[in-house]
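Just below is one structure, and these are the notes that go with it.
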Amino acid sequence: MADKQEILSGLAEIVEEVAGVAQDDVSLEKSFVDDLDIDSLSMVEIAVQAEDKFGVKIPDDELANLKTVGDAVDYVSANAK
Amino acid sequence: MSNIDVVITGIGATTPLGGDVASTWEGLLAGRSGIRRIEADWVERFDLPVKIGATLAEDPAEKLPRVQARRLDRCEQIALIAARQAWADAGFQQPSDEHTDVDPDRLGVSIGTGIGGPLTLLAMDDLLEQDGIRKVSPLTVPMLMPNGPAAHVGIDLKARAGVHSPASACASGAEGIANGYQMIQNGRADVVVAGGAEACIHPITVAGFAQARTVSTRNDEPERASRPFDVDRDGFVLGEGAGAVVLERADRAKARGARIYGRLAGYGITSDAHHITGNHPEGIGQIAAMANAMTMAGLTSADIGHVNAHATSTVVGDIGEANAIRKAVGEHPVVTAPKSALGHLVGGAGAVEGILTLLAIHHGLVPPTLNLENLDPKIGLDVVAGEPRKVELTAALSNSFGFGGHNTALLFTGE
């Protein structure tokens, strides 16, 4: 199972691929919408790629609660098999 | 009838001859062809009888930032590229939140397309069937919708006076421009980015046109396949491309010292009420479209020195249009048929060809019709072949006639 640092860098790769945000800018305290300017459609894409990469399921109602990068890292860490 | 002078202050295009207007115009003058073998495995996989197409000279996905390009269908990509070129050409800066050169409430968009984003629709359907819903992009619908190209241009250039996307098959781009002109006449906008785009080269569209027996099968000589008005023509060649113009109130353009290419002096739009693909045999609608354009512009047929023909290289269509031109305008205009070099850009055709018509007046030069080796005796028009023709022009018509019987004639004049 990946540790939180690996999850963060894996997530940063996905965010850069989908939304063009530089990986270095994807830090734990950043809000996806307010700080990184990522819209809801891109969030869906990011979630699907994260599901594949980390072997987690991210249902839509859970996705709605993942406001910051840190929220997402915590979720993946808690739910990855 | 019209009381507001509308001029063109910017032009942009991406076509099978080049990634901008200059390379497209030069290619046309030099007698180059944008028609080639389609480089895709599906041509052989489906054993298609048509193996040629007019594919874009520059890949739009490489001209836009990667993240933006992946959110846009190919048709949206080229509409955006052409629109931005026209915008910059008009001397306007790319709008930002802090500054726009044109008041958004006085800026409109009118960009037509025949079919919108079928490449995305079909690709996503394939993914759904192969891999299930997870692979279907959340942007699928905004990418396939036909208003997508116009909408993205409106968002990019901050146009709040209304965004339109007329669809009339091969006349969509011309209608885009005519509709933009009308927005200014109606006082809805002072500036409109208008034009058309199409990117639909795919097994199903090629197969569909092939089954309708409307396209050339001269696969071994792609560059000679599109030959409007020539005795040996055997159908059109499907192409992809986009064209955009900045239409502006003449008084506004002059006040800011803009470079003015010419005037959009009028247009005529009629409908054949005849057949879903065939033109009316007597060409009444085509004749009326050209006549209406002249009436709107306050001109007569004697004033028209040049006609940029729709002429797609079909056996029947080219004759029908030639008859209509002789009746509406006469035998005197210098005629050219750019689909000979560009192929049929469908929704992009009316816009790109409108730009070429404007440039012919602006430069006093009519490009040759490629592959015109033996003019069909039934045509009876002065069609330029071989070398470009130098001719002083004050007014010219650009024709676009779409499947479904949509007839559009745009009338441009010098400044």
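The values are calculated or read from the model by the stated rules, or taken from the named source; none is laboratory data. Small disclaimer: the values here were computed from a predicted structure and weren't measured. Heads up, the Cβs are rebuilt from the backbone with ideal geometry, glycines too, and the neighbour counts pull from every protein chain shown.
Of everything in segment B:69-92 that's aliphatic (A, V, I, L, M) and over 30 Å from B:I260 (Cβ atoms), which residue is surrounded by the most Cβ atoms within 10 Å (Cβ to Cβ)? Among residues in segment B:69-92 that are aliphatic (A, V, I, L, M) and over 30 Å from B:I260 (Cβ atoms), the one surrounded by the most Cβ atoms within 10 Å (Cβ to Cβ) is B:L72.
Look at B:R218 and say whether it is touching a residue at least 24 places away in the same chain (Cβ under 8 Å), in the same structural domain as B:A22 (by TED's automatic domain parsing) and in a loop (DSSP other than H, G, I, E, B). Give the derivation first.
Numbers: touching a residue at least 24 places away in the same chain (Cβ under 8 Å): yes; in the same structural domain as B:A22 (by TED's automatic domain parsing): yes; in a loop (DSSP other than H, G, I, E, B): yes.
It is true that B:R218 is touching a residue at least 24 places away in the same chain (Cβ under 8 Å), in the same structural domain as B:A22 (by TED's automatic domain parsing) and in a loop (DSSP other than H, G, I, E, B).
Please verify whether A:D35 is more than 11 Å from chain B (Cβ to nearest Cβ) and part of a loop (DSSP other than H, G, I, E, B), treating the condition exactly as stated. Walk me through it before giving the result.
Numbers: more than 11 Å from chain B (Cβ to nearest Cβ): yes; part of a loop (DSSP other than H, G, I, E, B): yes.
Against the criterion (more than 11 Å from chain B (Cβ to nearest Cβ) and part of a loop (DSSP other than H, G, I, E, B)), A:D35 qualifies.
For first residues located in segment A:4-20 and within 14 Å of chain B (Cβ to nearest Cβ), partners that are hydroxyl-bearing (S, T, Y) and lie 6+ apart or on another chain with Cβ distances below 6 Å form the pairs A:V18/A:S42; A:A19/A:S42.
When B:N407, B:N399, B:N371 are checked against the criterion of being assigned to a loop (DSSP other than H, G, I, E, B) and polar (S, T, N, Q), B:N371 stands alone in meeting it.
When segment A:40-61 is filtered for residues that are surrounded by fewer than 14 Cβ atoms within 10 Å (Cβ to Cβ) and of a type in the set (D, E, K, R), the ones remaining, listed by number, are A:D52, A:K57, A:D60, A:D61.
It is to be established whether one or more residues within segment B:181-188 are more than 26 Å from B:V245 (Cβ to Cβ), among the hydroxyl-bearing types (S, T, Y) and assigned to a helix (DSSP H, G or I). Can you show your working first?
First, the residues of segment B:181-188 that are more than 26 Å from B:V245 (Cβ to Cβ): none.
Scanning segment B:181-188 turns up no residue that is more than 26 Å from B:V245 (Cβ to Cβ), among the hydroxyl-bearing types (S, T, Y) and assigned to a helix (DSSP H, G or I).
Restricting attention to segment B:13-68, and to residues there that are among the hydroxyl-bearing types (S, T, Y) and in contact with an Asp or Glu (Cβ under 7 Å, 6 or more places away or on another chain), which single residue is surrounded by the fewest Cβ atoms within 10 Å (Cβ to Cβ)? If we take residues in segment B:13-68 being among the hydroxyl-bearing types (S, T, Y) and in contact with an Asp or Glu (Cβ under 7 Å, 6 or more places away or on another chain), then B:T55 is surrounded by the fewest Cβ atoms within 10 Å (Cβ to Cβ). Considering every residue within segment B:367-381, establish whether at least one is farther than 20 Å from B:T312 by Cα and either touching a residue at least 12 places away in the same chain (Cβ under 8 Å) or touching a helix residue (DSSP H, G or I) at 6+ places or on another chain (Cβ under 9 Å) (or both). Checked against the condition, which is being farther than 20 Å from B:T312 by Cα and either touching a residue at least 12 places away in the same chain (Cβ under 8 Å) or touching a helix residue (DSSP H, G or I) at 6+ places or on another chain (Cβ under 9 Å) (or both), segment B:367-381 yields no hits at all. The residue that is farthest from the chain's Cα centre (by Cα), counting only those in segment A:38-74 that are within 14 Å of chain B (Cβ to nearest Cβ), assigned to a helix (DSSP H, G or I) and aliphatic (A, V, I, L, M), is A:L41.
Counting the residues of segment B:237-262 that are touching a strand residue (DSSP E or B) at 6+ places or on another chain (Cβ under 8 Å) and part of a loop (DSSP other than H, G, I, E, B) gives 6.
Would a scan of segment B:14-24 turn up a residue that is hydrophobic (A, V, I, L, M, F, W, C), in contact with a strand residue (DSSP E or B) (Cβ under 9 Å, 6 or more places away or on another chain) and over 27 Å from B:M143 (Cα atoms)?
In the first step, residues of segment B:14-24 are kept if they are hydrophobic (A, V, I, L, M, F, W, C); the result is B:17, B:21-22.
Then keep just the ones that are in contact with a strand residue (DSSP E or B) (Cβ under 9 Å, 6 or more places away or on another chain); that gives B:17, B:21.
Next, from what is left, pick out any that are over 27 Å from B:M143 (Cα atoms): none.
The answer is no; no qualifying residue exists.
Restricting the first member to segment B:131-158 and to residues that are within 10 Å of chain A (Cβ to nearest Cβ) and under 14 Å from A:D39 (Cβ atoms), and the second to residues that are of a type in the set (K, R) and not in a helix (DSSP H, G or I), the beta-carbon pairs closer than 7 Å and six or more apart or on different chains are B:L139/B:R71.
With the condition kept exactly as written, say whether any residue in segment B:73-81 is outside any loop (DSSP other than H, G, I, E, B), touching a residue at least 60 places away in the same chain (Cβ under 8 Å) and over 30 Å from B:T277 (Cβ atoms).
Of segment B:73-81, the ones outside any loop (DSSP other than H, G, I, E, B) are B:74-81.
Applying the additional criterion that residues be touching a residue at least 60 places away in the same chain (Cβ under 8 Å) yields B:74-81.
Filter once more, keeping what is over 30 Å from B:T277 (Cβ atoms): B:80-81.
So far as segment B:73-81 goes, yes, one or more of its residues are outside any loop (DSSP other than H, G, I, E, B), touching a residue at least 60 places away in the same chain (Cβ under 8 Å) and over 30 Å from B:T277 (Cβ atoms).
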